[in-house]
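*Asks:* Before I ask anything, here is the structure I am working with.
The values are calculated or read from the model by the stated rules, or taken from the named source; none is laboratory data. The shown structure was predicted, so the numbers you read here are calculated from the model rather than taken from an experiment. Note: ideal-geometry Cβ built from the backbone for every residue, glycine included; neighbour counts use all protein chains shown. When the accessible area is computed, the model is the full protein with side chains, heavy atoms only, and any ligands, DNA or RNA have been set aside. Shrake-Rupley method; radii C 1.70, N 1.55, O 1.52, S 1.80 Å.
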Amino acid sequence: MILNILLMIVSVALIIVCLMQSGKSDGIVNALTGQSSNLFAHQKERGADLVLSRLTVGLAVAFFVIAILIRMG
């Protein structure tokens, strides 16, 4: 029962964090339309983008671990 509640909390947090991230699809759109872009430029994530990216990975791992634990139990 506690794992189900924890899974719901992690799920909602994962959705919110994913929606807060900035879009990264501009490079693909610019490449397809022929506009000038920095598609192949390596840009590191910094600041809030880095924190959100790492938080997303952590929440995703937690989601799958909790889901497996629920399935096993």
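*Asks:* Hey, can you tell me all the residues within segment 54-70 that are over 21 Å from MET20 (Cα atoms) and touching a residue at least 40 places away in the same chain (Cβ under 8 Å)?
*Replies:* ILE66, ALA67, LEU69, ILE70
*Asks:* Is it the case, given these coordinates, that ALA13 is among the small types (Gly, Ala, Ser), open to solvent by less than 100 Å² (accessible area, probe 1.4 Å), at pLDDT 80 or above and in a helix (DSSP H, G or I)?
*Replies:* yes
*Asks:* OK, next. Which ones in segment 16-48 are in contact with an Asp or Glu (Cβ under 9 Å, 6 or more places away or on another chain) and at pLDDT 85 or above?
*Replies:* GLN21
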